[in-house]
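Q: To start, I am sharing the structure in question, which I have written as structure tokens.
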Ligand code: CA
């Protein structure tokens with residue numbers, strides 16, 4: 001990964017002082033080196049060093065002339081967990097490692113310390129992340145109604161080069177039929193993620209959508225970072241927790257997007273191409289066929305491998321198929337159920353099925 005790649009975590013905030021996140025937290029250098037109570041970079045937000053807290057909790061009080069305040073500390077735990085999957089510090093001999101060992105995590109808070117948020121605060125969050133040049137945003141939330149205002153903000157984000165990665169949701173339903181937002185916005189910079197378990201089965205709670213859910217990623221039994229203060233209050237001081245949900249799947253994809261941007265700068269500013277790359281390099285799985293657009297589960301190694309040539313769509317009518325017999329032999333008679341895998345290579349073939 002790279003500290004040059006900025007990922008906005010639009011969520012309940014981030015524990016930016018967490019020992020396993022601290023050195024990967026985005027900082028607004030003008031504010032960090034500036035004066036307290038002054039909008040040093042003139043972006044309209046005062047003292048926004050790590051991001052901003054847009055959560056108004058339905059109140060109307062003003063801080064520095066803004067609803068919310070400059071401190072995006074996570075008082076709930078969700079956003080810190082998401083942040084760790086994207087970019088917990090790697091190779092530091094503690095806790096977990098994110099998809100990116102190095103990255104810049106921008107804390108954009110609009111969900112309150114009870115985990116709820118208003119669409120108006122979501123709108124302001126997306127606008128802030130766009131203004132401050134986040135290249136990827138993670139949106140592990142949903143349930144709102146369709147909003148033309150938010151759709152407009154997402155279009156603007158796309159024009160500025162941001163890939164917006166959304167959790168599909170945990171209702172066990174098909175969002176092509178029962179749309180849930182922001183997951184169901186049909187924009188080419190919005191990428192929606194379903195959850196699988198460690199055996200590549202679709203998680204029982206995961207929403208699907210052959211048209212509106214693009215990819216699956218691990219979202220069952222995911223260990224990641226948790227706010228230090230909350231962990232102490234709960235009496236289990238180890239600041240890591242295991243959660244399940246499409247909220248945990250989306251940051252695997254957002255993290256992969258950031259890693260792909262670090263590996264190949266030609267994707268910078270091209271969120272639609274980045275989305276296509278992540279889908280084309282997925283491992284296609286029979287149980288995801290017809291449930292997500294790509295029919296596949298994220299494969300980060302393929303996504304960042306410049307020599308990897310994605311297999312074309314097997315339903316492509318221009319493909320000409322030939323059949324060949326292949327002989328498989330197990331090395332010994334299996335006395336219990338075992339799985340074997342054989343690589344099949346055919347020089348010149350565009351696809352093998
Ligand atoms: Ca500022």
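Q: Exactly one of these conditions fails for residue 210: (1) in contact (Cβ under 8 Å) with a residue 40 or more places away in the chain; (2) surrounded by 21 or more Cβ atoms within 10 Å (Cβ to Cβ); (3) farther than 28 Å from residue 18 by Cβ. Give me its number.
A: Here residue 210 meets the rest and fails (2).
Q: Follow-up question, since we're still on this one. Read through the list (1) surrounded by fewer than 10 Cβ atoms within 10 Å (Cβ to Cβ); (2) within 22 Å of the chain's Cα centre (by Cα), then give the number of the only condition that residue 321 fails.
A: Condition (2) is where residue 321 drops out.
Q: Follow-up question, since we're still on this one. Among the residues of the range 214-245, count how many are surrounded by 20 or more Cβ atoms within 10 Å (Cβ to Cβ) and free of Cβ contacts under 8 Å to residues at least 24 places away in the same chain.
A: 1
Q: In the range 286-336, what residues are in a loop (DSSP other than H, G, I, E, B), closer than 22 Å to residue 199 by Cα and out of contact with any strand residue (DSSP E or B) (no Cβ under 6 Å at 6 or more places or on another chain)? Give the derivation first.
A: From the range 286-336, those in a loop (DSSP other than H, G, I, E, B) are 290-291, 293-295, 298-299, 305-336; that's our starting set.
Filter again for closer than 22 Å to residue 199 by Cα, leaving 290-291, 293-295, 298-299, 334, 336.
Answer for the range 286-336, where residues must be in a loop (DSSP other than H, G, I, E, B), closer than 22 Å to residue 199 by Cα and out of contact with any strand residue (DSSP E or B) (no Cβ under 6 Å at 6 or more places or on another chain): 290, 293, 334, 336.
Q: Can you find even one residue in the range 126-139 that is under 15 Å from residue 184 (Cα atoms), within 18 Å of the chain's Cα centre (by Cα) and modelled with pLDDT of 95 or more?
A: For the range 126-139, residues under 15 Å from residue 184 (Cα atoms), within 18 Å of the chain's Cα centre (by Cα) and modelled with pLDDT of 95 or more: present.
Q: Ok, one more. Can we say residue 253 is in contact (Cβ under 8 Å) with a residue 12 or more places away in the chain, more than 13 Å from the chain's Cα centre (by Cα) and within 29 Å of residue 134 (Cβ to Cβ)?
A: Numbers: in contact (Cβ under 8 Å) with a residue 12 or more places away in the chain: yes; more than 13 Å from the chain's Cα centre (by Cα): no; within 29 Å of residue 134 (Cβ to Cβ): yes.
No: the conditions fail for residue 253.
Quick grid of which residues meet (1) assigned to a loop (DSSP other than H, G, I, E, B); (2) more than 16 Å from the ligand (Cβ to nearest atom); (3) at pLDDT 95 or above:
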site: 20; (1), (2), (3): yes, yes, yes
site: 23; (1), (2), (3): no, yes, yes
site: 27; (1), (2), (3): yes, no, yes
site: 35; (1), (2), (3): yes, no, yes
site: 40; (1), (2), (3): yes, no, yes
site: 49; (1), (2), (3): yes, no, yes
site: 52; (1), (2), (3): no, no, yes
site: 59; (1), (2), (3): yes, yes, no
site: 79; (1), (2), (3): no, yes, yes
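Q: Pull out all pairs, ordered by first then second residue, where Cβ-Cβ is under 7 Å, the residues are six or more apart or on different chains, the first lies in the range 31-45 and is closer than 20 Å to residue 133 by Cα, and the second is assigned to a helix (DSSP H, G or I) and more than 8 Å from the ligand (Cβ to nearest atom).
A: Cβ pairs passing all conditions: 43/131.
Q: In addition: Is there a residue in the range 271-279 that is surrounded by 14 or more Cβ atoms within 10 Å (Cβ to Cβ) and part of a loop (DSSP other than H, G, I, E, B)?
A: No; the residues of the range 271-279 include none that is surrounded by 14 or more Cβ atoms within 10 Å (Cβ to Cβ) and part of a loop (DSSP other than H, G, I, E, B).
Q: Hey, another quick one. For the subset of the range 285-307 comprising residues that are free of Cβ contacts under 8 Å to residues at least 40 places away in the same chain and loosely packed, with under 15 Cβ neighbours inside 10 Å, which member is nearest to residue 86 (Cα to Cα)?
A: 301
The values are calculated or read from the model by the stated rules, or taken from the named source; none is laboratory data. In this text the structure is predicted, and so the values were computed from the model without any measurement. Cβ atoms come from the backbone with ideal geometry, glycine included; neighbour counts cover every protein chain shown.
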